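Please treat every number below as a calculation from the coordinates, not as lab data. Since this is a predicted model, take the numbers as computed values, not measurements. Using ideal geometry, Cβ is built from the backbone for each residue, glycine included, and neighbour counts are taken over all protein chains shown.
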Amino acid sequence: MKKYPRTKDIAKLAGVSRTTVSFVLNNRTDVKISEATRKKVLNIAKELDYYPHAIATSLVKNKTKTIGLILCQKLESVFSDAFLPRVLLGVSTVAQEKGYRILLHYVEDISKKDTYYPMVREKRIDGMILSGPRSDDEELFRLREEDFPIVLMGQIKEDNFSYSDIDNIKAAKKAVQHLISHGHKRIAMITNAPLSYTASESRLLGYKSALEENSIPYDEELIGKGDFTPQSGFKEMQRLLTLKKLPTAIFVASDVVAFGVMDALKKVGMKIPKDIALVGFDNVNLSEYVDPPLTTVNLPGFEIGKNAANLLIDNIESNENNNKKIILETHLVIRKSCGCNPK
């Protein structure tokens, strides 16, 4: 087994104490050490290919150099979420650049106690990014009261959180308005998730707003409740197909959920967009390659993750809650599923 260098090996070669080596490696500016000694220790550490022990370093600095990425959704939906990899890439790109590790954690049932709070109490992470925030998440507010560094990917009504997000109301409204501009008045909607998730609630509000501005009455029976997965879209579309008067168009607030909708329609022989127009949300990679290609709202997933990581690490390193809010722009990607002929 390879023997890894330790601080006592550096101390021996440098002719100094292990305490001096520790002070130099931990960049202790409050201790008087000559510049020549400091350079000598650092050069020897580099020559030996020395890496500090993470646990020991965290004890000295009271920092783990680890951030938690909390996903508030079921494990099944985590693996079926085609949008998530872009967000993860954004977070991990910044974390790697700034020397932080990521501890990934998912929460199936936010109503249970101690879902992610123990990670904080055990000092396993220096801060956390929470994806899919819910207004009924007691642990989230508990940590906020303790001034623990938190950044949301999403929003809740309370104003004292930093976040990286989009304007979900505006984006959903844009999607539904597009269907209305094609002459549709009986437009169904299937949400991306239960309405306890604020993004889901906001997208429904955007749908309602588009109807209201065009004097189209809201009909509760046209609303289906998705749950992150294609299966939920398939099930909700099956229910919509039992209505006496079918919708002529449908807005699905998640491409992944929309894939299930498309399958349900194909199984009964309905053609998209000839029999029913369809618009999704997220612009995941697969949406361009399904048949027909899916018109959808483009979500800047990489940028959402990147900004969230930057906000969090800035908060950690400044020891301040900067309470910054970043809203990124979205746009509608026109493909064939809505009835358009994209150029």
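Here are the numbers for the structure shown:
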item: Too-long pairs where the Cα-Cα distance tops 26 Å, listed order kept, from 157/324; 98/173; 173/267; 208/245; 98/170; result: 98/173; 173/267; 98/170
item: Computed over the stretch 189-343: relative contact order in percent, which uses C-alpha pairs under 8 Å that are six or more apart; result: 19
item: Cβ-based net charge around residue 273, under 15 Å, with every Lys or Arg adding one and every Asp or Glu removing one; result: +4
item: Solvent-free Debye scattering, log10 I(q)/I(0), computed from the Cα coordinates of the stretch 122-181 at q = 0.13, 0.18, 0.23 Å⁻¹; result: -0.44, -0.68, -0.94
item: Mean separation of Cα contacts under 8 Å, 6 or more apart, over the residue count of the chain: relative contact order %; result: 18
item: Violating pairs (Cα-Cα greater than 30 angstrom) within the set 266/306; 244/336; 185/336; result: 266/306
item: Residue exposure sequence - 291, 314, 165 - by fewest surrounding Cβ within 10 Å; result: 291, 314, 165
item: Two-site FRET efficiency, residue 245 against residue 285, from Cβ-Cβ distance with R₀ of 35 Å, rounded to 0.05; result: 0.50
item: Structure-derived semi-axes √(5λ) of the Cα gyration tensor in Å - corresponding label in [x] 51, 19, 17; [y] 38, 23, 17; [z] 46, 26, 15; result: [x]
item: If the convex hull is drawn through the Cα atoms of the stretch 277-340, its volume per residue in Å³; result: 69
item: Residue among 64, 130, 161 farthest towards the positive dipole end of the chain, charges placed on Cβ; result: 64
item: Within the chain, longest stretch clear of exposed chymotrypsin sites (Phe, Trp or Tyr not before Pro) (DSSP loop, no more than 14 other Cβ within 10 Å); result: 1-217
item: Neighbourhood net charge (13 Å Cβ-Cβ; Lys/Arg +1, Asp/Glu -1) for residue 245; result: +1
item: Convex hull projection area averaged over all views, the stretch 166-314, Cα basis, nm²; result: 9.0
item: Whole-angstrom gap from the stretch 197-255 to the stretch 131-174, using each part's C-alpha centre; result: 24
item: Cut-off 13 Å between beta-carbons: net charge of the residues surrounding residue 159, Lys and Arg +1, Asp and Glu -1; result: +3
